[in-house]
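One structure below.
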Amino acid sequence: MTKAVEEYKSPAHKLISMLHVGRDKLRLKYASVRVNLRTAQNQVRAVAKSREMWRHRAEAAEAKLSTLEKKMTAPRTNCPSIIAPLSRPN
């Protein structure tokens, strides 16, 4: 046996089984951590996508609002129905 194994007082078969159990617990723990990480990453991706969609919708609504405001404030030179009654002689 190697010197490192000879330093322990417990039998090698017990040490090996304890190390296997510890390794298996560690693997389960970090498998759970990986699942939680993947879930969090998917959530972040979904929130970012939703935020981007809402930002585009807000920008489109602002653009539409500004064009409608420009149309409302523009002078109405092409409205003969309003101008005609005022310019008729009585």
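Worth a mention:
- Each residue of region 8-71 gets 55 Å³ once the volume of the Cα convex hull is shared out per residue.
- Taking Lys and Arg as +1 and Asp and Glu as -1, the other residues whose beta-carbon sits under 14 Å from that of Lys49 total +3.
- Each Lys and Arg adds +1 at its Cβ and each Asp and Glu adds -1 at its Cβ; summed about the Cα centre, region 8-71 shows a dipole of about 320 debye.
- The label point for Leu26 and the one for Ser10, both projected 7 Å from the Cα toward the Cβ, are 1.4 nm apart.
- Considering only Gln43, Leu68, Ala31, the residue lying farthest towards the positive end of the dipole of region 8-71 is Ala31, judged by Cα position with unit charges set on Cβ.
- For Trp54 and Asn42, the difference between the fully extended length at 0.36 nm per residue and the C-alpha to C-alpha distance is 2.5 nm.
- Proximal charge balance of Leu65 [Cβ under 13 Å; K/R count +1, D/E count -1]: +1
Every read-out reported here was derived from the displayed coordinates using simple, explicitly stated rules and does not represent laboratory data. What you see is a predicted model; the values in this text were computed from it and never measured. Positions of Cβ are generated from backbone atoms using ideal geometry, with glycine treated the same way; all protein chains shown enter the neighbour counts.
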